[in-house]
Every structure is written in C-alpha cells, then in structure tokens.
Amino acid sequence: MTRADKNLIISVFLVGLVLYFVLPLFTETGLKKTQAIIKQEGKIVKTVPLTENESSRFTLQGKNGPFTVETQGGHIRILESTCPDKFCVKRGWISSPGETIICVPYEVIIFFDTESPVDAITG
Amino acid sequence: MITKKRLAGMAFAVILMISVIYYGLIFDRTREYAGEEFLMDTLVSIKTYGNDAEHLKQVTGQAFAEMRRIEDLTDRFAEPGTPEYADSDVCRINEQAGKTPVAVSEDVFAILELSQKYFALTKGAFDITIGPVIDVWGFGKPDQQVPGEEMLKNALVLVNNNDMVLDKQHRTVFLKKTGMVIDLGGIAKGYATQRAADILKQDGISGALINAGGNIRVLGRKAKKTPWRIGIQDPRDSSRLLGSVELDEESCVTSGDYHRYFMSGQTRYHHIISPYSGYPAGENMSVTVITKDAAVADILSTALFILSPQDALMLAEELEDTEALLVTAAKQILHTGGLKNKVEVREKEAYHYDKS
C-alpha cells in the first residue's frame, strides 16, 4: 500500500463519517414548510399554506355545525364557531410547531406539519 | 501509482461504505404508529414504537378502548334513563347519595381509594366531593355564573370526602348526605392515561407517548432513542413555551387557570375550585407535576394548584419521586430541588425565575 492509498482510505473514512452525521439532519428536518393542517373527525379536510403576507378566511363543516378559520401573517385561528363551548375560539392564534387548536364538540384539530422541538406539550 | 484496478477497488469501497450508512439510516428505524381520538372531553393522542407495525396498531387500539371504558364508568353528565347512565358508576353513586351504598367496578373503586388517600395527604385540597360546588358555578354545563353567597354556602356544606364511605370487602361506595355529588374531573383522565400505559407496557412495545389533553405518560424510548422532551406551556401566552422537561418512564400533568373559564364583568373565573372557599383557586397560574403514576400526577397537579405556592412546594418535596413546577399568581417560577437539572426554563422575561 502506498502513501496515496492510505490517504485515500482515510479520506473515504472521513467522508463517510461526515455523511453519517450530516445526512440525518437533512432527512429529519427536510425543507421547512409552513403549512397548517385541518383535521375533522380523523380525516384531513384542508391544508393551508401559511405565508407572511397572505391572509384567508373560510368556513368548514364541523361534526354538528360550521366554523370559520382565519389565517394572517403566518398565524391561524378559529374566528367563529357554532360549537357549544367555544374553547377553540378562545384559544386564539397559533403559529409555532407543536401548537394545536382543538375543538372537542366538533372533533376538529388544527396543527402544523413542521416538526416540533418537543414531543408533546403539557398545559 | 494508482492503477485502474486499484481505483475500481476504491470506488467499490466508497459505494459499499455509503450503502452501509444508508442501510443503517433507513432500515434500522423503529416503526411509529400514531392514533388520535376525542375522548374524556379532550383530544387523546397515542404514539407507539416497535418493530411490527400491525402489532403497534392493534395494541394502540386496545389502549384507546381501555380509556373509553374508564370514560364510560366515570361520566358524570350522562342523561338519566340512557344506557350511558346505567353504565356510569359515578352517575349511580351520585343518584344514591344519602340513600344506599352502590356496588362499583374495580377501576372506580381504585379511583375512589386513591382519591381518599390523597384527600388526607393534601389536607383536603384534593376533594372529589366538590361536585355540588362545581354545579352551582355551572362548569361542565352550557352556562356558567357566579353563584350567590347563600347558594355557595349550601353547596359547600356537602363537600367533605370523609362523608364518602368505602367498603373494600363488598366493593361498595356510600355518600352519607343527600345532595352529595362526586366529580372525578381531577383524576379520571390521569387514571385512564395510566391504564393505557399499563396495557402498552404489558404488550411489550419499545416506546410510547400518551397525551390526553396535556396529561402525559411516556414509556420506554422513541425511535431515535433520545429522551422524551415535554414542553410546558406559558400560562399567559399560549404561543410560547415556558420551558421543557425530560421524562423517563414518568407522567407529567399540568393544571392551569387558562383552559376552562368564563368572564363575568372584568373578572375571569376558571374551573379549578378550591374546596376550602368554594371559589376558583387564585394563588397559582399553573402547576406542573412529574411523577411515575399518571393518576397521581393528575391528582397532585390539581391539589398543588389549590394550595399556596409555599405549601404546594413543601408537600411536593415531602412526597417521594414527585417533582413540581409552579407559576405563581405573582409571576414567579418555582420548582422542587429535583428539577434543577431536569427542567430548562426558557421564558425568563415575563416571569421571575431564580435558578438556585
């Protein structure tokens, strides 16, 4: 084995080592998408792209009645709901991964598809 | 000199190496199964980890079924005359208050025993006989209101866990006074969460996270083998995390004044009612408790929330394997000594926090 061979083996090893640590970073996080997902009775009913300068307002059908969703400046909220307790409306705007809006009576969940820094939130 | 043959060999080695790395990255992954169901007045999500996807789906379904069973047994608001009413031990116990002892399921009996134990341990801060007071406030019903003094006083005289008589031999429960009402809102979710965890553990899955609306229990490890990290919500800004804590075979439950409340004039009235005064407890904004058993974590988060911050911390320090983090009404973040190296407090601007 010549010196060049040894160098080559070492470089291959180093490249492999670097790839081993760097590749997972890309496969885990991927490209950062800002999308809110709206689930109703277990099914995804709408995906909303959230951008800084776009806003929207739309009404969806919950389990027992309609509710209205508003998006603005990368935030999303339930503006109005005909549900009995209105906890979902009181929840207000959400904008970070891991945050959710939940409406129990209408079985609605709104969340982001980006990976959260924590496994769950207590509160 | 590098010959063509050698170069080919090297290229082969490189390809082999990359393949091995990719194989490790892609195929060494544990499977994850995630399920969600609306249960016990909240969203319950269960994530399980293991090698067999079909098995994960099946045991997760069993865990949900167990939680649904506990929900049915403890549902206090079923309509009389319906099958749900007949299935609910709690409805039957309340109906027979002042009349006769009621035979109950093993689970409800276990819940009541645990409640009685912690009633004594918390000097009455945790009291499931709070039902009549909850009812005059209207929590759990469509409309809430601030009750009149007289009404509240009459409800409060019915609140005393010592008037709940348990007969272990016959597995019966008797509420001594007519009008007494037990409410398991401060324990049922935690108990159901723990039962789900027990079932998943028995079935030998490698990791799981059960989250019943912030009542959390973890088991084993997730796919990446890193510890579970749980965010604690800022009680005054729902878009921020106060900090985070690592869990290991533990449960974590938070009681806060910001979830269920109503406004009357300028005042906010929340749903965690002190059995001492009959009014919403006002000395803390949120209390997070970490301990092994999810039912105990649920009980203690409610009890410590009702106590003064000093008494709450003292009690948490006394109890074995129990840690607590409090955000007081005076915007102070306090925690037990055991959390010193386990909790990371991020939100330092809006609160006073002295890490020492």
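Among the conditions (1) in a helix (DSSP H, G or I); (2) within 14 Å of chain A (Cβ to nearest Cβ), B:Ser115 misses just one, which is (2). For residues that are closer than 14 Å to B:Arg236 by Cβ and outside any loop (DSSP other than H, G, I, E, B), tally how many sit in the range B:333-352. The total comes to 2. Being on the phi < 0 side of the Ramachandran plot, touching a helix residue (DSSP H, G or I) at 6+ places or on another chain (Cβ under 6 Å) and among the small types (Gly, Ala, Ser) is the requirement here; does B:Ser274 meet it? Yes.
Of everything listed in (1) at the interface with another protein chain (Cβ under 9 Å from one of its Cβ atoms); (2) more than 16 Å from the chain's Cα centre (by Cα); (3) surrounded by 13 or more Cβ atoms within 10 Å (Cβ to Cβ), the single unmet condition for A:Gly42 is (3).
Here is a yes/no grid of residues against (1) in contact with a strand residue (DSSP E or B) (Cβ under 8 Å, 6 or more places away or on another chain); (2) modelled with pLDDT of 95 or more; (3) buried (at least 16 other Cβ atoms within 10 Å of the Cβ); (4) outside any strand (DSSP E or B):
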{"site": "B:His170", "(1), (2), (3), (4)": "yes, yes, no, yes"}
{"site": "B:Phe174", "(1), (2), (3), (4)": "yes, yes, yes, no"}
{"site": "B:Lys177", "(1), (2), (3), (4)": "no, yes, no, yes"}
{"site": "B:Ile182", "(1), (2), (3), (4)": "yes, yes, yes, yes"}
{"site": "B:Ala192", "(1), (2), (3), (4)": "yes, yes, yes, yes"}
{"site": "B:Arg195", "(1), (2), (3), (4)": "no, yes, yes, yes"}
{"site": "B:Ala223", "(1), (2), (3), (4)": "yes, no, no, yes"}
{"site": "B:Val253", "(1), (2), (3), (4)": "yes, yes, yes, no"}
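On inspection, B:Gln145 fails the criterion of being closer than 30 Å to B:Ala63 by Cα and of a type outside the set (Val, Ile, Thr). Give all pairs with beta carbons closer than 6 Å in which a residue from the range B:37-56 that is polar (S, T, N, Q) meets a residue that is in a loop (DSSP other than H, G, I, E, B); count only pairs at least 6 apart in sequence or on separate chains. Filtered contacts from the range B:37-56: B:Thr42/B:Gly213; B:Thr48/B:Ile205.
Restricting the range B:194-226 to residues that are among the polar types (S, T, N, Q) and within 18 Å of B:Glu54 (Cα to Cα), which is nearest to the other protein chains (Cβ to nearest Cβ)?
If we take residues in the range B:194-226 being among the polar types (S, T, N, Q) and within 18 Å of B:Glu54 (Cα to Cα), then B:Ser206 is nearest to the other protein chains (Cβ to nearest Cβ).
From the list B:Ala330, B:Ala316, exactly one residue is closer than 26 Å to B:Asp237 by Cβ and assigned to a loop (DSSP other than H, G, I, E, B). Which is it? Exactly one of B:Ala330, B:Ala316 is closer than 26 Å to B:Asp237 by Cβ and assigned to a loop (DSSP other than H, G, I, E, B), namely B:Ala330.
Considering the range B:118-129, and only residues there that are assigned to a helix (DSSP H, G or I) and either of a type outside the set (A, V, I, L, M) or over 18 Å from the mean Cα position of the chain (by Cα) (or both), the residue that is farthest from B:Leu307 (Cα to Cα) turns out to be B:Thr129.
Per the conditions (1) hydroxyl-bearing (Ser, Thr, Tyr); (2) within 28 Å of A:Gly92 (Cα to Cα); (3) touching a residue at least 40 places away in the same chain (Cβ under 8 Å); (4) surrounded by fewer than 16 Cβ atoms within 10 Å (Cβ to Cβ), the sole criterion not satisfied by B:Ser244 is (4). Where strands (runs of 3 or more DSSP E) fall entirely within the range A:83-123, those with at least 2 residues that are touching a residue at least 24 places away in the same chain (Cβ under 8 Å), surrounded by 20 or more Cβ atoms within 10 Å (Cβ to Cβ) and more than 7 Å from chain B (Cβ to nearest Cβ) are at A:101-103, A:108-112.
The residue list B:Ala312, B:Ala294, B:Ala316, B:Ala329 contains one member that is of a type in the set (A, V, I, L, M, F, W, C) and surrounded by fewer than 23 Cβ atoms within 10 Å (Cβ to Cβ), which is B:Ala329. Set side by side, the residues B:Arg260, B:Arg268, B:Arg229 differ, and just one is free of Cβ contacts under 8 Å to residues at least 24 places away in the same chain, facing chain A (nearest Cβ under 8 Å) and basic (Lys, Arg), which is B:Arg229. Considering (1) touching a helix residue (DSSP H, G or I) at 6+ places or on another chain (Cβ under 7 Å); (2) closer than 26 Å to B:Lys123 by Cβ, the lone condition that B:Ala192 does not fulfil carries the number (2).
Of all residues in the range B:237-253, which are more than 16 Å from A:Glu99 (Cα to Cα) and within 7 Å of chain A (Cβ to nearest Cβ)? Spell out the reasoning first.
Taking the range B:237-253 as the starting set, the residues that turn out to be more than 16 Å from A:Glu99 (Cα to Cα) are B:245-253.
Within the range B:237-253, B:Cys252, B:Val253 meet the criteria.
A single member of B:Gly220, B:Gly204 is under 20 Å from the mean Cα position of the chain (by Cα), assigned by TED's automatic domain parsing to the domain that holds B:Ala65 and farther than 14 Å from B:Ile273 by Cβ, and it is B:Gly220. When B:Leu43, B:Leu56, B:Leu73, B:Leu16 are checked against the criterion of being within 11 Å of chain A (Cβ to nearest Cβ) and in a helix (DSSP H, G or I), a single residue qualifies: B:Leu16.
Where residues in the range B:98-155 are aromatic (Phe, Trp, Tyr) and under 20 Å from B:Tyr276 (Cα atoms), which of them is surrounded by the most Cβ atoms within 10 Å (Cβ to Cβ)? Out of the qualifying residues, it is B:Phe126. Candidates A:Ser116, A:Ser81: the one that is modelled with pLDDT of 85 or more and among the small types (Gly, Ala, Ser) is A:Ser81.
The values are calculated or read from the model by the stated rules, or taken from the named source; none is laboratory data. Just so we're clear, the structure is a prediction, and the values are computed from it rather than from any experiment. Quick reminder, even Gly has a Cβ in these numbers, built from the backbone with ideal geometry, and neighbours come from all protein chains shown.
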